[in-house]
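Accompanying notes for the structure given below.
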There are 2 protein chains.
Amino acid sequence: MAQQERGNRSRRSILEAAARVFDERGYDAASTNEILASTGLTRGALYHHFPSKEAIASALVAAQSEALVVPDQPVKLQAVIDLTLEFARRLQHDPVLRASVRLAVEQTSFSRPAQTPYEQSNATILDLLRQAREQGEVLPGVDLQEATSTIVGAFTGLQVMSQVYSNRQDLPDRVCALWRFLLPGLATPGMLARLRTAPLPQTAPQAAPQTAP
Amino acid sequence: MAQQERGNRSRRSILEAAARVFDERGYDAASTNEILASTGLTRGALYHHFPSKEAIASALVAAQSEALVVPDQPVKLQAVIDLTLEFARRLQHDPVLRASVRLAVEQTSFSRPAQTPYEQSNATILDLLRQAREQGEVLPGVDLQEATSTIVGAFTGLQVMSQVYSNRQDLPDRVCALWRFLLPGLATPGMLARLRTAPLPQTAPQAAPQTAP
């Protein structure tokens, strides 16, 4: 195994272990000792990748951006819908992404970090909405930045609720419901009839996608 | 001062101190010693009201329900809108309510509590939407439970975002934007023209409302 590949595997294994420990104990109560114990790595190897618990948390939060995959879709409003549905599905199955979102919500709930985990989501969705407007998909008078903030903010809250009520099993349904309520205020009537807000078909088997490095 | 009144004041002063300490240090890192230090109460007095840090947190979370004041409004969709706008305004100024919401989001983000802080919001809004439907304000085909979950979930996320970006200063604007996007999928066209989604006029001075008994 090449050194680079070994390094990537170690990094991913630390992030997965940290995701589990943060999940079980919460960020503040978690220690790097616990994270280390379940990786089988040496402390030196851990510090090679991450100098501190905070650095691990930052890398976990960054994993969110990597999970924002823009679907190849000619209808750009459909691309935004599918992006959120795919993100919802990955949240159900990828422990690293789950820990990423939880850390982001917890940290931002208590403090204002220098760089927020929402910037990338905002930029990606705003860009798609601008393309949708150019293609005549969006109602006149809609403020695209406002629409973007509403989508990202509402999604953030829905996944907190879904975690509480169903351990995220109902998250795709909640996201579809959000779209059914939002679209009449966002899409032109002609476009509205063409947009699909049903959950994406499940891909089997449910392998956790690679989000690192 | 009657004993009952003194007791209520002590209880409120503990909740306010806890709200400040949780705000600054986060729930896990906060200690009852710190909370006690800023109240001027004895440890015995603290334990008389709250046997543990968890009990203080539970009381703080419960303060959310007390802040859900149903407006006296003949148009029931307007009552739902005004309820969320008033809650948003109180979140800006009431430290106990702020800590309440943050704790709820943090705790529910990491675990599934037996009783969630969203039950009361859900019940209150669902009841108003049912009255709105009886009065012919709601579009046919709208699932009221789904609408309720979407409103409560979206609000929860918007206040997390608003905390990050503006220390909640833009929360009323974000909530108004949410309503502008949600209402075309919720209200009948005739009702839509009558509903007000501008922020409520500010009441001066900004005294923190009493949320504890």
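Computed quantities for the displayed model
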read-out: Residue match in the stretch B:66-73 (condition: surrounded by fewer than 16 Cβ atoms within 10 Å (Cβ to Cβ), under 21 Å from B:LEU178 (Cβ atoms) and in contact (Cβ under 8 Å) with a residue 40 or more places away in the chain); value: yes
read-out: Residue that is touching a Phe, Trp or Tyr at 6+ places or on another chain (Cβ under 8 Å), part of a helix (DSSP H, G or I), farther than 14 Å from B:ARG102 by Cβ and in contact (Cβ under 8 Å) with a residue 12 or more places away in the chain, where the choices are B:ILE81, B:ILE35; value: B:ILE81
read-out: Filter result for A:ALA123 (of a type in the set (A, V, I, L, M, F, W, C), part of a helix (DSSP H, G or I) and modelled with pLDDT under 85); value: no
read-out: Any hit, the stretch A:55-77, residues being within 20 Å of B:MET161 (Cα to Cα), within 14 Å of chain B (Cβ to nearest Cβ) and assigned to a loop (DSSP other than H, G, I, E, B); value: no
read-out: Test result for B:GLU146, farther than 17 Å from B:GLY185 by Cβ and open to solvent by 10 Å² or more (accessible area, probe 1.4 Å); value: no
read-out: Test: residue in the stretch A:19-29 that is away from chain B (no Cβ under 14 Å) and at pLDDT 80 or above; value: no
read-out: Answer residue from the stretch A:30-40, given it is more than 14 Å from chain B (Cβ to nearest Cβ) and in contact with a helix residue (DSSP H, G or I) (Cβ under 6 Å, 6 or more places away or on another chain) and is least open to solvent (accessible area, probe 1.4 Å) among those; value: A:ILE35
read-out: Index of the failed condition, A:LEU15 passing every other in (1) part of a loop (DSSP other than H, G, I, E, B); (2) under 19 Å from the mean Cα position of the chain (by Cα); (3) more than 14 Å from every other protein chain (Cβ to nearest Cβ); value: (1)
read-out: So A:ALA132, is it more than 12 Å from every other protein chain (Cβ to nearest Cβ), open to solvent by less than 20 Å² (accessible area, probe 1.4 Å) and at pLDDT 95 or above; value: yes
read-out: Filter result for the condition that a residue is open to solvent by 30 Å² or more (accessible area, probe 1.4 Å), under 23 Å from A:VAL142 (Cβ atoms) and in a loop (DSSP other than H, G, I, E, B), over B:PRO140, B:PRO184, B:PRO199; value: B:PRO199
read-out: Checklist (1) part of a helix (DSSP H, G or I); (2) at pLDDT 85 or above; (3) of a type in the set (A, V, I, L, M, F, W, C) applied to A:ALA104, failing item; value: (2)
read-out: Residues of the stretch B:115-125 satisfying the condition of being free of Cβ contacts under 8 Å to residues at least 24 places away in the same chain and open to solvent by 20 Å² or more (accessible area, probe 1.4 Å); value: B:GLN115, B:GLU119, B:ALA123
read-out: Residues satisfying the stated conditions in the stretch B:153-181, i.e. more than 7 Å from chain A (Cβ to nearest Cβ), in contact (Cβ under 8 Å) with a residue 12 or more places away in the chain and open to solvent by 10 Å² or more (accessible area, probe 1.4 Å); value: B:GLN169, B:PRO172, B:ASP173
read-out: Every pair of residues 6+ apart whose Cβ atoms lie under 7 Å, when the first sits in the stretch B:135-151 and is under 21 Å from B:VAL75 (Cβ atoms) while the second is among the aromatic types (Phe, Trp, Tyr) and surrounded by 22 or more Cβ atoms within 10 Å (Cβ to Cβ); value: B:ALA147/A:PHE181; B:THR150/A:PHE181
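The values are calculated or read from the model by the stated rules, or taken from the named source; none is laboratory data. None of the values given here were measured: they were computed from a predicted structure. Reconstructed Cβ throughout: ideal geometry from the backbone, glycine too, with neighbour counts over all protein chains shown. What goes into the accessible areas is simple: the full protein's heavy atoms, side chains included, and nothing from ligands, DNA or RNA. Shrake-Rupley method; radii C 1.70, N 1.55, O 1.52, S 1.80 Å.
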